[in-house]
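The values are calculated or read from the model by the stated rules, or taken from the named source; none is laboratory data. The shown structure was predicted, so the numbers you read here are calculated from the model rather than taken from an experiment. Backbone-built Cβ (ideal geometry, glycine too); neighbour counts: all protein chains shown. The protein model used for the area step is the full one, side chains on, heavy atoms only, and it has no ligands, DNA or RNA in it. Shrake-Rupley method; radii C 1.70, N 1.55, O 1.52, S 1.80 Å.
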Amino acid sequence: MWEERKSPLRLERRFEFDNYQQSSKFMKEIDSLCKENKIYPNISFGAKFVSITIFSDLQEFSVKEREFAVKINEKFTNLIS
């Protein structure tokens with residue numbers, strides 16, 4: 001579940017994986033998604049997790065930013081299914 005934070009306005013989520021291969025594959029899929037959408041979030045990762053933070057320069061999140069978060073969720077769901 002994405003968490004909305006303020007000051008600065010951002011969406012945050014941590015994705016957990018069973019192994020490094022899954023987290024690595026997820027990172028590659030997120031890389032492609034970022035290039036397609038021209039949105040470049042902050043990403044940190046470890047062997048079994050990937051944390052993503054999407055910052056907004058506006059007073060509220062754009063439709064594009066929210067749709068981007070949904071697409072990330074879909075990539076995660078497809079990977080772990």
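For first residues located in the stretch 65-78 and in contact (Cβ under 8 Å) with a residue 60 or more places away in the chain, partners that are in a helix (DSSP H, G or I) and lie 6+ apart or on another chain with Cβ distances below 9 Å form the pairs PHE76/PHE26; PHE76/GLU29. Restricting the stretch 24-42 to residues that are of a type in the set (S, T, N, Q) and over 23 Å from ARG5 (Cα atoms), which is surrounded by the fewest Cβ atoms within 10 Å (Cβ to Cβ)? My answer is SER32. In summary, ILE52 fulfils each of the numbered conditions (1) outside any helix (DSSP H, G or I); (2) in contact with a strand residue (DSSP E or B) (Cβ under 8 Å, 6 or more places away or on another chain); (3) free of Cβ contacts under 8 Å to residues at least 40 places away in the same chain with the single exception of condition (3). LYS48: farther than 14 Å from LYS75 by Cβ, in contact with an Asp or Glu (Cβ under 9 Å, 6 or more places away or on another chain), modelled with pLDDT of 95 or more and surrounded by fewer than 16 Cβ atoms within 10 Å (Cβ to Cβ), yes or no? So LYS48 fits the description; yes.
Please tell me if ARG14 is among the basic types (Lys, Arg), assigned to a helix (DSSP H, G or I) and surrounded by fewer than 17 Cβ atoms within 10 Å (Cβ to Cβ).
Numbers: among the basic types (Lys, Arg): yes; assigned to a helix (DSSP H, G or I): no; surrounded by fewer than 17 Cβ atoms within 10 Å (Cβ to Cβ): yes.
Criteria not met by ARG14.
Determine whether PHE45 is outside any helix (DSSP H, G or I), within 23 Å of GLU4 (Cβ to Cβ), of a type outside the set (A, V, I, L, M) and in contact with a helix residue (DSSP H, G or I) (Cβ under 8 Å, 6 or more places away or on another chain). Criteria met by PHE45. Only one entry in GLN59, GLN21 is touching a residue at least 40 places away in the same chain (Cβ under 8 Å) and open to solvent by 20 Å² or more (accessible area, probe 1.4 Å), namely GLN59. As for the stretch 63-80, it holds no residue that is at pLDDT below 95 and in a loop (DSSP other than H, G, I, E, B).
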